[in-house]
Every structure is written in C-alpha cells, then in structure tokens.
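These notes are about the structure you will find just below.
The values are calculated or read from the model by the stated rules, or taken from the named source; none is laboratory data. Only a predicted model underlies this, so the values are computations on that prediction, with no experimental measurement involved. FYI the Cβ positions are ideal-geometry reconstructions off the backbone, even for glycines, and counts take in every protein chain you see. Remember, those area values only see protein heavy atoms, side chains included, never the ligands or the DNA or RNA. Shrake-Rupley method; radii C 1.70, N 1.55, O 1.52, S 1.80 Å.
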Amino acid sequence: FGPMFAADIRRRRVSQMRGFRQWKWHLDEMYVKLNGQMVYLWRAVDQEGEILESYVTKKRDKSEALAFMKKALKRHGKPEAIVTDGLRSYPAAMCELGNLDRQEMGRWQNNQVENSHLPFRRRERAMLRFRQMKTLQKFASVHASFHNHFNSERHLVDRETYRERRSACLAEWQSLAS
C-alpha cells in the first residue's frame, strides 16, 4: 500500500504548495550503486527541504535532465527560481524549456538538496543496496513522501511545538489510512 499512501500525501502537498508564490526548487543528482553499476538519482527539493520528485537514469546528460524537469514541472507547476549545481546539463535543458532566466547557480546555494540525500543514504545502507532500477525508483519516490510527512525536525523546535506537529502528522495519517 506504500505507493498508494505516498500518492495521496504527494497530492495534498502539491495542492497546498501551488499557491505559494516564492516557491524555490533545488535540483541535484546523486550516484547510487545498482548491481555494481553506478546509476543517477535526480532529485528536486523545495525551499523547506521537502522532496518533490525523484527520477532514476543510467546517464547524466541533457536528455535525462530534460526528462526529469518535464516530469517535475508537469506534476508540480512552475517555481519562482530553480537552484542547481554546475552541471552543464541543467542550463541546456532549461534553455529548451524556456526556464533559463529562473536558474540560480552558486557556491553553497544547493546545500538544501545535498542535505536531503542523507536520510536516503541511511536507508540505502540498511537495505543493503538495490538490485533493479524499478525497485530503486519505487523506493525513492515512496521513501520521499513518507519522510516528508513524518520528518518534523525535532532538533529545531521546542517540545510542545514538536508534539503538536507530530499529532497533526498522525491525524493526517489516520485520515489517509481510513
């Protein structure tokens, strides 16, 4: 039932964020080992650190970046700004999409997405790697939705605020599960 719950969580999140005017995305790709071969996991993260989209490919070129961006834009709409690293595939794909004026690049600007890789890496080690691209894609998208929903960043807030947020997450989970 994981993909079904993840889709509901994602749908609610997207409907809330579409009206937000200063929506900023951070895009990055990371290496994931798959049966001894390196594949790329492309990820889009918003300004709050919540993972919007995950996409697995074998290459890291313009066509794959374009496919990833089209998928993200179709599902989530257009952001105000898109922060990327120095990979040349991003400007080439954005030029084709007409978003080149929205791109921001700079040192340490993409830390938001770099830090979002850490929970995925912890879970990847616990699962002892992946065997197929299909299972990696499914896991990445489902893990992102559940992590976004239940990650309330306990270290940043006081105990009462954490309790309120946690009970709100559990109440929303109850409504999804019923």
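For residue 115, are the conditions met, namely being within 19 Å of the chain's Cα centre (by Cα), open to solvent by 80 Å² or more (accessible area, probe 1.4 Å) and modelled with pLDDT under 90?
yes
I need every pair where a residue in the range 83-98 that is free of Cβ contacts under 8 Å to residues at least 60 places away in the same chain and under 17 Å from residue 113 (Cβ atoms) has its Cβ under 6 Å from the Cβ of a residue that is in a helix (DSSP H, G or I) and of a type in the set (Ser, Thr, Tyr), sequence separation at least 6 or different chains.
84/90
Residue check: is residue 157 under 20 Å from residue 69 (Cα atoms) and at pLDDT below 80?
So residue 157 does not fit the description; no.
Within the range 126-135, does at least one residue satisfy the condition of being open to solvent by less than 30 Å² (accessible area, probe 1.4 Å), modelled with pLDDT of 80 or more and among the hydroxyl-bearing types (Ser, Thr, Tyr)?
No, because not a single residue in the range 126-135 is open to solvent by less than 30 Å² (accessible area, probe 1.4 Å), modelled with pLDDT of 80 or more and among the hydroxyl-bearing types (Ser, Thr, Tyr).
Across the range 40-49, what is the total count of residues that are more than 12 Å from residue 27 (Cα to Cα), in contact (Cβ under 8 Å) with a residue 24 or more places away in the chain and surrounded by fewer than 18 Cβ atoms within 10 Å (Cβ to Cβ)?
Qualifying residue count, the range 40-49: 0.
Can you name every residue in the range 68-84 that is open to solvent by less than 70 Å² (accessible area, probe 1.4 Å), modelled with pLDDT under 90 and not in a helix (DSSP H, G or I)?
Across the range 68-84, the qualifying residues are 77, 79.
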